[in-house]
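Let me begin by presenting the structure, written as structure tokens, before commenting on it.
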Amino acid sequence: MNSSPSSACLALLGGAGKAGRPLVQAALQAGHRVRVLLRQPALFAVQHPRLTILEGDARDPAALRRLLAGSTALLSTLGNPRGETAPILSAVTAQLLALLPALGIGRYVAVTSLYDTGQPQPHAATRQAAAYMAQHFPAFMADRQRELALLAGSPLDWTCVRLPLVVEGPATGAVRTSLTHRPGPHITAADLAQFLLGQLASREFIRQCPFVANSA
């Protein structure tokens, strides 16, 4: 599998969003080549010699194949398209799992809003957040569960990062992680970008779902 972070050509999904745009910028600043799939590339202001912008929809397997061509890893901050009420993420993941191994891409780092760990949750804030999401967004949480089940059944070296509220702001360098509970209420998009990129060179959370948050 292609996996060397020092010579990475990174494919990114969700690059136009609150979490995605800082990730694109951080990846470029780190020296990577970056390929981004966007539905509306004309609205994306970031330009760079190492940035390739492709027009397409993540639900289209042909667009995904174009995005992944020549890439060494895939990072995704993809969310549901604005204004669409039917969840899409497990369907996109199913498409990816049909493509990534065939293209020699073994590393996949994604984000999720799924707080339910499937285990008893003694941490009150995490338990309350999971209950809130299940009550108010049941279809989306069910889709996130399907997404995680697909990843768990795949041969990929995946990491699925459980997010708190993502907020604007510079990187603080103060990021806490936990495999059992949400360690804080928010994280800056810049800190999240650095954490996601850091997973490319780390084996700590392979095939796991860490929670992340800022320390303060």
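The values are calculated or read from the model by the stated rules, or taken from the named source; none is laboratory data. Please read all numbers here as calculations on a predicted model, not as lab measurements. Heads up, the Cβs are rebuilt from the backbone with ideal geometry, glycines too, and the neighbour counts pull from every protein chain shown.
Odds and ends about this structure:
- Among the residues making up segment 1-17, those that are modelled with pLDDT under 95 and of a type outside the set (G, A, S) are M1, N2, P5.
- Residue that is nearest to L75 (Cα to Cα), among those in segment 161-203 that are in contact with a Gly (Cβ under 9 Å, 6 or more places away or on another chain) and charged (D, E, K, R): D191
- Residues that are within 13 Å of the chain's Cα centre (by Cα) and of a type in the set (A, V, I, L, M) were ranked within segment 80-95; the one that is farthest from D57 (Cα to Cα) is L89.
- Residue list for segment 120-173, filter: of a type in the set (D, E) and over 26 Å from S215 (Cβ atoms): D143, E147, D157
- Count of segment 30-51 residues which are at pLDDT 95 or above, surrounded by fewer than 13 Cβ atoms within 10 Å (Cβ to Cβ) and not in a loop (DSSP other than H, G, I, E, B): 0
Residues are listed down the side, and each one gets a yes or a no for (1) more than 16 Å from the chain's Cα centre (by Cα); (2) surrounded by fewer than 18 Cβ atoms within 10 Å (Cβ to Cβ); (3) under 27 Å from R66 (Cα atoms):
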position	(1), (2), (3)
A102	yes, yes, yes
I105	no, no, yes
V111	no, no, yes
Q119	yes, yes, no
M133	yes, yes, no
A174	yes, yes, no
P183	yes, no, no
I187	no, no, no
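- Count of residues meeting criterion [more than 17 Å from G106 (Cα to Cα) and either touching a residue at least 60 places away in the same chain (Cβ under 8 Å) or assigned to a strand (DSSP E or B) (or both)] in segment 52-78: 6
- Restricting segment 90-134 to residues that are without any contact (Cβ under 8 Å) to a residue 12 or more places away in the chain and of a type in the set (A, V, I, L, M), the residue that is farthest from H181 (Cα to Cα) is A102.
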